[in-house]
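Structure first, then comments.
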Amino acid sequence: MAFKKSVGEMRKAWKLPKTLRILGRDVAVSLVAKGPMVASQEYGEADLDDSEIRIGDWLCESRARATLLHEVVHFIDDDLGLGMSEEQVAGVAQGLFQALRDNERFI
C-alpha cells in the first residue's frame, strides 16, 4: 500500500512558492515543522502583521495546496476588511480550491 508523501518529500513534483503577491502585498511562504502548530491542531498560519504564511511540512501535497489557499483567503479578508468568520474563510477557500482543481484551465 502506497502512503501519501508530505510536501517536503514531493518538492520535485510541486514547489511551494517562496512568496506570493496578495492584493499588492508581498507575503513570504514557508514550510514549518510540526512543533510550532501542533498545539493548535493547525495545518497552516497566516501572520497578517509580518506578511508570512506558514504551512506544515508534514502535509500531503493536496492538503498543503488547500491550506495555502485558505491562508491566502485570510489575507484577502484582512486587507479588504470583510470580517469573515473562520467558517466563512474555510468555506470560500474550499470552494475555490475545488473549482480550481476541477478546472485546470480556469486561469
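Read-outs throughout are calculated quantities, based only on the coordinates presented, and are distinct from any laboratory measurement. Please read all numbers here as calculations on a predicted model, not as lab measurements. In this analysis, Cβ positions are derived from the backbone assuming ideal geometry, glycine residues included, and neighbour counts consider all displayed protein chains.
One table, with the values for the structure above:
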| quantity | calculated |
| --- | --- |
| Average Cα contact separation per residue, region 7-102, under 8 Å, 6 or more apart, as relative contact order % | 23 percent |
| Residues whose placed amide H lies under 5 Å from that of V32, excluding near-sequence neighbours | I55, G56, D57 |
| Trypsin sites (Lys or Arg not before Pro) restricted to DSSP loop in region 37-92 with at most 14 other C-beta within 10 Å | none |
| Region 47-107, dipole about Cα centre (Lys/Arg Cβ +1, Asp/Glu Cβ -1), debye to the nearest 20 | 440 debye |
| More than 15 Å apart - percent of Cα-Cα pairs taken over region 7-102 | 60 percent |
